[in-house]
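Asker: Provided herewith is a single structure, encoded as structure tokens, for subsequent inquiry.
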Amino acid sequence: MRVLILGGTREARDLAAALVDEPGVTVTTSLAGRVRDPALPAGETVIGGFGGVAGLRAFLRARGIEAVVDATHPFAATMSAHAVAACAPPGHGDDPAGALAGDPAGPGSVPLLQLTRPGWTPGPGDDWHRARDLPAAADRARALCPPGRGVFVTTGRRQLAPFATDRDRHYLIRAVDPPTDVLPPRHTVVLDRGPYTVDGETRLLRAHDVRVLVTKDSGGALTVAKLDAARTLGLPVVMVDRPAATGPVPPTWPDVAGVLAALRGLAAGGQAAPPA
Ligand SMILES: NC(=O)c1ccc[n+]([C@@H]2O[C@H](COP(=O)([O-])OP(=O)(O)OC[C@H]3O[C@@H](n4cnc5c(N)ncnc54)[C@H](OP(=O)(O)O)[C@@H]3O)[C@@H](O)[C@H]2O)c1
């Protein structure tokens, strides 16, 4: 079975590592190419995008892909919508809105499975403030952080403009690659891809006099230490909600083991039944 993983996450790499050892399976992982020096998965890698829904559909056909696993980051909503559209039966249009109207299991479709880690949930001692997007998060952070103090922004190197108009607070911005967006006048950029420890995050928050943490609800263990550190220091957290799906959501598993079992079921001629 030829499997395409839409990657860019730890889970995608773990799945690729498991699939290369699976008898009779050929695995290709695709990456958007946003990160300068990406952690490469096992198996074949293609980098740079497909050129929209039509490009992805052509790729699936040319490679004879028999199953697609969307293991992109929970905030990569465009890629996920493109996957739904491209895996739908032919004749349902080359744009997500048109294709989503089709029967996802009709003739000529490609089975699509989604691997999405669960979001984080607050526990005792957490002071979380939900924001629907980054502009709302920037407003909330300003309201929560006294002038002259620090805001720790861990939402990535893009879409930082909503923070840039604030002249009164210091922004500690952490990203894997240097930000390309306009930045607030008072800022420090830290380039780091983790993994992070609670001790390290606590030291960082203290060193920059941080009073508010801003994060996407990415979920997972790799970047959770900042939330533990914020709780320990009694700091509020502005949590940016995951984007809502704009169409049908494919069968979704929260972990690699579930997707592996579903792929084995598919290879044996069954259906990729979603978890109970
Ligand atoms: N968004 C985040 O916060 C975040 C965080 C960590 C990692 N990532 C990873 O970074 C990548 C880009 O994220 P994004 O939010 O910019 O995506 P996006 O907005 O959903 O997608 C924009 C375009 O990037 C290309 N693309 C995205 N993911 C791809 C993949 N896995 N393989 C091939 N092409 C891909 C596609 O280009 P074409 O239309 O040309 O095919 C897509 O239309 C994803 O792989 C994601 O898993 C994202």
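The values are calculated or read from the model by the stated rules, or taken from the named source; none is laboratory data. Because the structure is a prediction, the values reported are computed rather than measured. Using ideal geometry, Cβ is built from the backbone for each residue, glycine included, and neighbour counts are taken over all protein chains shown.
Asker: Just the residues that are farther than 14 Å from Ala230 by Cβ and in contact with a strand residue (DSSP E or B) (Cβ under 6 Å, 6 or more places away or on another chain), please, taken from segment 193-208.
Answerer: none
So that you can scan it fast, the table gives a plain yes or no per residue for (1) acidic (Asp, Glu); (2) modelled with pLDDT under 95; (3) closer than 21 Å to Gly220 by Cβ:
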| residue | (1), (2), (3) |
| --- | --- |
| Leu160 | no, no, no |
| Asp166 | yes, no, no |
| His170 | no, no, no |
| Pro185 | no, no, no |
| Thr188 | no, no, no |
| Asp192 | yes, no, yes |
| Asp199 | yes, no, yes |
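Asker: Inspect segment 82-99 for any residue being among the charged types (D, E, K, R) and within 11 Å of the ligand (Cβ to nearest atom) and give the result as yes or no.
Answerer: Scanning segment 82-99, I find no residue that is among the charged types (D, E, K, R) and within 11 Å of the ligand (Cβ to nearest atom), so the answer is no.
Asker: Are any residues in segment 51-81 β-branched (Val, Ile, Thr) and either under 21 Å from Pro179 (Cβ atoms) or near the ligand (Cβ under 9 Å from one of its atoms) (or both), and if so, which ones?
Answerer: Keep residues of segment 51-81 that are β-branched (Val, Ile, Thr), which gives 53, 65, 68-69, 72, 78.
Matches in segment 51-81: Val53, Thr72, Thr78.
Asker: Scan segment 26-50 for residues that are in contact with a Phe, Trp or Tyr (Cβ under 9 Å, 6 or more places away or on another chain) and within 7 Å of the ligand (Cβ to nearest atom) and report the count.
Answerer: 2
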